[in-house]
Amino acid sequence: MAKEITDRAENYSQWYLDIVKKAGLAENSAVRGCMVIKPTGFAIWEMMKDQLDQMFKDTGHVNAYFPLFIPKSFLSKEAEHVEGFAKECAVVTHHRLMNNPDGPGVVVDPDAKLEEELVVRPTSETIIWNTYKDWIKSYRDLPLLINQWANVVRWEIRTRPFLRTAEFLWQEGHTAHALKVEAVEEAKMIHEVYARFAEDYMAMPVIKGAKSANERFAGALETYTIEALMQDGKALQAGTSHFLGQNFAKAFDVKYLDNNNKEQYVWATSWGVSTRLIGALIMTHSDDDGLVIPPRLAPLQVVIIPIPKPNEMIMAEAEKIVTLLKAKGISVKIDKDKKKRPGFKFAEYEMKGVPIRIGIGKRDLEKGELEIARRDTKEKMNVPIEGIEDYIANLLEEIQANLLARAKAHRAEYTTEASTYEEFKDAIANKGGFVLAHWDGTTETELKIKEETTATLRCIPDDSPIEEGVCIYSGKPSKQKVIFAKAY
RNA sequence: AGGGGUGUAGCGCAGCCCGGUUAGCGCACUUGGUUUGGGACCAAGGGGUCGUAGGUUCGAAUCCUAUCACCCCUACCA
């Protein structure tokens, strides 16, 4: 038997890369730092996208599309924003190639230099707010609730499939509001949507909270984040929602007339999740046998394997089951390959993370049963064919719930409360996971802790109780515990 | 950015030190047969500008020079 995936215990990074590759999710491309998302991986993204898109629409948002290119001057209109992204921008300088006069191939035509260079968007606040300037004149134009599904480019030095790539797919919401309170509410509401999506669909528990000033989005007054804990004890920022104040309205001069005929600057939010969520999904649920996908995001929920291979009697029964399951809205296919042996197929679908496998053979049909195998626990059960559609529907829900429960238990196990700096250092260095500790609220302390332990302040949790305490590092007063961890 | 390493079939590698038949092995692929309830076996096939460019030589995957790409460690970034 070919063992194709590195064990997690042996080398977690290699395990992750093996899963991405062997499950057919993505592969490296000819372009450094950019991956090809293969059909299997893209199908998961489509499941995520469809669900999120529905959630955005249910909360009043509409989709639009803005240009890939941003004039260089736009980016520098908001000082903090450009500071945050300048070091990782791809820049377009010319618009034409020509035959190489000195040899084979083509070269950039020096006569085709652009008047103003264009930046490939690392995020779209600037081009969008430049557009909003023309769209917003009156309080009646507000709120403006727009989302865009797009690709962005951030020229990262070190890349990893899905987790950090030079180009990635995401959605970015950009909303404009008349009142500050409305914008803050919007940012918080989306924060809730992200958390709900993570838990209900990805079966991935997250901590909701606010970023410290140091970790905030470039140009934001407040960044709300959902933080997830991966199997190896490292944190992953899974989605952020920003209250941008009036920074972009002022930078792009976006004003509206209120109902007293007075000019006011607009209040803004932006928020996004990316294909990084696929990385999060992998590192939350998958195991040494391959990918594990929660049923609600699985492009294929059930696979039927004729044993030992398709024949007339088995296929007739399999087709009946397909019809029953499809009527329940369950996605299902029959593996009709006659060459591969059952054992090979079992391993193959486990690698790809299909939540439920149904085996049908002569032995089963004689007993009026089917062999049902669930991916999450790898249990196998013999179940009567009668009523199989309800059994499968329930089992999918049970798997979904089990994955969430399992991830929650893991997070609980890897969450430590530290009351001294010694305990803190010990937990970060030897145990990993989230470490709750009092913090004096200063960037100085945060940076010292990062320098000494490599742990970063993940968030100031929404539900952390207000209590009197002292900072584990400085001994200064603190009102609540915050979460530190080593992060991706 | 500094140090180290690797480029040979889709993937993983041997061959290089010490130049010399037609560049080889495993997996994968194609065809046929036997198999088939946890990653089958046998047989026959297909697939290579040996990263690229120059040089040395009668002759270069092998030696020399340059160059490009990738990986690891340290640093940086998140």
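No value in this document is a laboratory result; all are computed from the given coordinates. In this text the structure is predicted, and so the values were computed from the model without any measurement. Here the Cβ positions follow ideal geometry from the backbone for every residue, glycine too, while neighbour counts run over all protein chains shown.
For segment A:200-235, state which chymotrypsin sites (Phe, Trp or Tyr not before Pro) are in a DSSP loop and have at most 10 other beta carbons lying within 10 Å of their beta carbon. Walk me through the numbers on the way to the answer.
On the way: sites: A:Tyr201, A:Phe217, A:Tyr224; in loops: A:Tyr201, A:Phe217.
Passing both the DSSP loop test and the Cβ count: no residue.
Charge tally for A:Glu192 (other residues, Cβ to Cβ under 12 Å; Lys, Arg +1; Asp, Glu -1): -2. Segment A:Ala401..A:Leu97, full-extension length gain: 103.9 nm, with 0.36 nm per residue of separation and the alpha-carbon distance subtracted. Each label was represented as a point 7 Å from its Cα along the Cα-to-Cβ direction; for A:Ile466 and A:Trp149 these points are 4.2 nm apart. Net charge in the neighbourhood of A:Gly33 (other residues with Cβ under 12 Å of its Cβ; Lys, Arg +1, Asp, Glu -1) is +2. At full extension, A:Thr323 and A:Ser138 could sit 61.2 nm farther apart than now, given 0.36 nm per residue minus the alpha carbon distance. With K and R counted +1 and D and E -1, the other residues having a Cβ less than 12 Å from that of A:Pro355 yield a net charge of +2.
Mind pulling the per residue volume of the convex hull built on the Cα atoms of chain A? Å³ is fine. Could the numbers behind the result be given before it?
Details: hull volume 95.5 nm³, N = 488.
So the per-residue Cα hull volume is 196 Å³.
Look at A:Asp426, A:Asp253, A:Asp440 and count the other Cβ atoms within 10 Å of each Cβ; fewest to most, that gives A:Asp253, A:Asp426, A:Asp440. For a paramagnetic label modelled on A:Glu417 (point 7 Å from Cα along Cα→Cβ), amide N atoms under 17 Å away belong, within segment A:435-457, to A:435-439.
The Cα atoms of segment A:300-393 cover 29, 28, 20 Å along the three principal axes, with the biggest extent listed first. Sites counted here are GluC sites (Glu not before Pro) in a DSSP loop (not H, G, I, E or B) having no more than 13 other Cβ atoms within 10 Å; the longest part of chain A that contains none of them is A:11-378. Straight-line reach from A:Lys450: taking Cα to Cα under 22 Å and skipping same-chain neighbours fewer than 8 places apart, the lysines in range are A:Lys87, A:Lys208, A:Lys211, A:Lys234, A:Lys425, A:Lys431, A:Lys476, A:Lys479, A:Lys481, A:Lys486.
A simple spin-label model places pseudo-atoms 7 Å from Cα toward Cβ; at A:Val31 and A:Ala112 they are separated by 1.7 nm.
Work out, step by step, the length gained on full extension between A:Asp50 and A:Asp288: first 0.36 nm times the residue separation, then minus their alpha carbon distance; give nm to one decimal. Working shown, then result.
Values: separation 238, 0.36 × 238 = 85.68 nm, distance 2.90 nm.
Stretched out fully, the A:Asp50 to A:Asp288 stretch lengthens by 82.8 nm.
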